[in-house]
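Please read the structure below before turning to the comments.
The values are calculated or read from the model by the stated rules, or taken from the named source; none is laboratory data. Model, not experiment: these values are computed from the prediction. Ideal geometry is used to build each Cβ from the backbone, glycine not excepted, and the neighbour counts take in all protein chains shown. Ligands, DNA and RNA are excluded from the accessible area calculation, which covers all protein heavy atoms including side chains. Shrake-Rupley method; radii C 1.70, N 1.55, O 1.52, S 1.80 Å.
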Amino acid sequence: TKMNICVIPARGGSKRIPRKNIKDFNGKPIIAYSIEAALKSNCFDQVIVSTDNNEIAEVAKKYDAHVPFVRPDELSNDYVGTTPVIKHAIEWMEDNNNSIENVCCLYATAPFIQSKIISKAYQKLRDKRVNYCFSVTSFEYPIQRAIKISNKGFVEMFYPRLFNTRSQDLEKAYHDAGQFYWGKAHAFKDELPIFSEVSTPYFLESFLVQDIDTEEDWKRAEIMHQVLKIKNLI
């Protein structure tokens, strides 16, 4: 039988926030939120953490994820994209007599992720018959009004011809919300680009999206997480 797997990439060497993937976030290691949401979604035959790090592997197992392999060094540096890491996990599983149909790449630092969203996005992947379905949210400010600052400290617009266009007449722009990427196993293996016509978006409200790259981001995310819990929004 063909399997659905969840792969959570979580390497050890984070620079800006040390031990980022297992750092305490409102009372438990941040990766635990992703593992628990994946298990609770009932979408997967196996929830796998792909890591090169022993400490992360132990935490992952404690929260009932599988760690069937150690991620190779050449896939654990700062420059490796997500797709080769997912491809490696699929191929490892296939080399060990499993047949993989669909895969959800879930980020280890996505504490706002909800099991019902994982499950709804899976439904959308199937209904739309696409190769990928991933989380997106809208830019809060019109990107056409973005400005850049030159080396000499002067200002110029990216789109000067749109200076007088009303905000409501500008095309809406969206960005990757960085929570999950559902996809067909063959799409990840062929490394098909996710941001393309083979994908469908799963829209998230902006308050459910938080990029966590700095200590300041981390604090803001913890506060938002507490508020969302109190209001029963996650």
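Here are the numbers:
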quantity: Every residue from the range 10-42 that is open to solvent by less than 20 Å² (accessible area, probe 1.4 Å) and closer than 15 Å to Trp182 by Cβ; calculated: Ser34, Ala37, Ala38, Ser41
quantity: Lone unmet requirement of (1) open to solvent by 30 Å² or more (accessible area, probe 1.4 Å); (2) modelled with pLDDT of 95 or more for Glu74; calculated: (2)
quantity: Filter pass, Lys128 being more than 30 Å from Ala32 (Cβ to Cβ), among the charged types (D, E, K, R) and exposed (fewer than 10 other Cβ atoms within 10 Å of the Cβ); calculated: no
quantity: Residue within the range 97-108 that is surrounded by fewer than 20 Cβ atoms within 10 Å (Cβ to Cβ) and in a loop (DSSP other than H, G, I, E, B) present; calculated: yes
quantity: Filter result for Glu222 (farther than 25 Å from Lys15 by Cβ, in contact with a strand residue (DSSP E or B) (Cβ under 9 Å, 6 or more places away or on another chain), touching a residue at least 40 places away in the same chain (Cβ under 8 Å) and acidic (Asp, Glu)); calculated: no
quantity: Single residue of Leu170, Leu192 found to be surrounded by 12 or more Cβ atoms within 10 Å (Cβ to Cβ) and within 24 Å of the chain's Cα centre (by Cα); calculated: Leu192
quantity: So Ile149, is it more than 25 Å from Ser99 (Cα to Cα), modelled with pLDDT of 95 or more and open to solvent by 90 Å² or more (accessible area, probe 1.4 Å); calculated: yes
quantity: Any hit, the range 195-208, residues being touching a residue at least 60 places away in the same chain (Cβ under 8 Å) and in a helix (DSSP H, G or I); calculated: yes
quantity: Filter result for the condition that a residue is in a loop (DSSP other than H, G, I, E, B) and basic (Lys, Arg), over Lys152, Lys116; calculated: Lys152
quantity: Members of the range 43-63 that are open to solvent by less than 20 Å² (accessible area, probe 1.4 Å), within 16 Å of His88 (Cβ to Cβ) and not in a helix (DSSP H, G or I); calculated: Ile48, Val49, Ser50, Thr51
quantity: Residue check for Ala89: among the aliphatic types (A, V, I, L, M), more than 14 Å from Phe188 (Cα to Cα) and touching a residue at least 12 places away in the same chain (Cβ under 8 Å); calculated: no
quantity: Selection from the range 211-234 of residues that are under 25 Å from Trp182 (Cα atoms) and open to solvent by 40 Å² or more (accessible area, probe 1.4 Å); calculated: Asp211, Asp213, Leu233, Ile234
